[in-house]
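The values are calculated or read from the model by the stated rules, or taken from the named source; none is laboratory data. Bear in mind that the values here come from a model prediction, so they are computed numbers and not experimental data. Cβ coordinates were reconstructed from backbone atoms using ideal geometry, including for glycine residues, and neighbour counts include every protein chain displayed.
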Amino acid sequence: MCNCIFSIFNKLTHLRFSESSYENYVPLLFDFPSRRFSSSSLLVLNIKIQHFSQLLYVLDGRFSQLHTLIVDLINNVLSTDLIENKEKISNLKCFVLSCAWEISRYKDLLLPLIYRMSNIEKLSLYLTIYINDKFIDRNDLKKNIINHLPQLSMFTFDIRSLMFINNQMNLPSKKDIEETFRDFRYTKIISYVDYFLEKKMGQCHVFSYPSEMPYYQNITNNFPGGLYEYVRFISLYDEYPFEHEFFIKISQSFPFMEKLSLINYQSQKHKQSYELINDNYNSTIVKYNYLITLDIEKVHDDYIEEFLFNTKTYFHDNILIYINYKSLERVTHNFTRDVTRINCAKINKIFLFGEKNHSNSLQDYFPCATIY
């Protein structure tokens, strides 16, 4: 299909070659593309691709007039088997690159590609990057990106750098990172730092605000809040408990989220009583008006209560849920509990993990659900 597009539409100037959903993509059916996949008229290309090598093919000169390229990379493997091309990409004025998954080889593969864009004026990078010894801050961005792009007038980014911790001393704080962005001229910057002792991992998240990213991952208790109207997928992770107030902040910050994934094995320390929530129902209930998919497989039982108690959470019908069977059985009191019944009736697909010896009451408790 992709090789025929420009033969059929030989004066095409703008092409969006992707589905509207943040999760789906239109596959490019090539590893080594035909020269027919080229155009001398195309100016703007918005595309989702499987592999970094396909991005290099798109930029090998086959689109000689291209000035705006928006790419969502859905595979985090940056192959070493890449085409050799060091020619300048002089026509490109705007480049947007995003990837929902963690990537490595930022300096030896991504940066050389950006350096070829000698006349770039607008650059947006939305990436999660493994680094060795130093978080990505303003100093890193200035040294490795800004100083190499003399025409750059707009630079927006959402960069989460991940670093393994092995008894390092003087690890940077949120304040240290913020200090490097003082007087940053391109945009307002928000930053925060987390250290996960169990995983021996640190993360530093720096991003332009407001952000246009469709996903926001590894949100912790240090999340500063704000409004993120473009975000459709979020993931929550921490080694400290998420309290009910945290979920109120999340629902308000991401009003259009469609998918939520949660990992947290710590019990809540300030659980609101069932009676207290009932007395103050309207102000404490968390509303997810656009939620479609909920992944709460790897959580403490408190978070299953958080989402299945209709006195704590409201969502619409037709929810897909991933959950551990034994946890679900405990929280619903072997599928008899009234306070979880209303939200369970809104679920239309359940993917159960763990024990497969299901209770006979399971299907009755989820009357609208297909159970896998």
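All but one of (1) buried (at least 17 other Cβ atoms within 10 Å of the Cβ); (2) modelled with pLDDT of 95 or more; (3) not in a strand (DSSP E or B) hold for Val96, so report the exception by its number.
So Val96 meets the others, but not (3).
Considering segment 192-212 alone, what residues qualify as being closer than 18 Å to Lys249 by Cβ and out of contact with any Ser or Thr (no Cβ under 6 Å at 6 or more places or on another chain)?
Tyr192, His205, Phe207, Tyr209, Pro210, Ser211
Would a scan of segment 104-114 turn up a residue that is touching a strand residue (DSSP E or B) at 6+ places or on another chain (Cβ under 8 Å), aliphatic (A, V, I, L, M), closer than 20 Å to Lys188 by Cβ and without any contact (Cβ under 8 Å) to a residue 60 or more places away in the chain?
no
List the pairs whose first member sits in segment 213-224 and is at negative phi, whose second member is among the acidic types (Asp, Glu) and in a loop (DSSP other than H, G, I, E, B), and whose Cβ atoms are under 7 Å apart, counting only residues at least 6 apart or on separate chains?
Filtered contacts from segment 213-224: Thr220/Asp238; Asn221/Asp238.
Whether any residue in segment 136-153 is part of a strand (DSSP E or B), closer than 19 Å to Ser98 by Cα and either modelled with pLDDT under 95 or more than 24 Å from the chain's Cα centre (by Cα) (or both) is what I want to check.
No - not one qualifying residue is present in segment 136-153.
Might you check whether a residue that is of a type in the set (Phe, Trp, Tyr) and assigned to a strand (DSSP E or B) occurs anywhere in segment 330-346?
no
When you look at Phe307, is it part of a helix (DSSP H, G or I) and within 23 Å of the chain's Cα centre (by Cα), yes or no?
Here the answer is yes, as Phe307 does meet what is asked.
Going through Tyr106, Tyr57, Tyr126, Tyr130 one at a time, which residue ends up being aromatic (Phe, Trp, Tyr), out of contact with any helix residue (DSSP H, G or I) (no Cβ under 7 Å at 6 or more places or on another chain) and surrounded by fewer than 16 Cβ atoms within 10 Å (Cβ to Cβ)?
Matching residue, one of Tyr106, Tyr57, Tyr126, Tyr130: Tyr130.
Can you pull out every residue in segment 109-123 that is buried (at least 19 other Cβ atoms within 10 Å of the Cβ) and at pLDDT below 95?
Selection gives Leu110 alone.
Of the residues that make up segment 163-182, is at least one of a type in the set (Gly, Ala, Ser) and within 22 Å of Met213 (Cβ to Cβ)?
no
Can you find, within segment 61-86, the residue that is modelled with the lowest pLDDT among those that are more than 28 Å from the chain's Cα centre (by Cα) and exposed (fewer than 15 other Cβ atoms within 10 Å of the Cβ)?
Ile83
Determine, yes or no, whether Leu111 is hydrophobic (A, V, I, L, M, F, W, C), part of a helix (DSSP H, G or I) and in contact with a helix residue (DSSP H, G or I) (Cβ under 7 Å, 6 or more places away or on another chain).
yes
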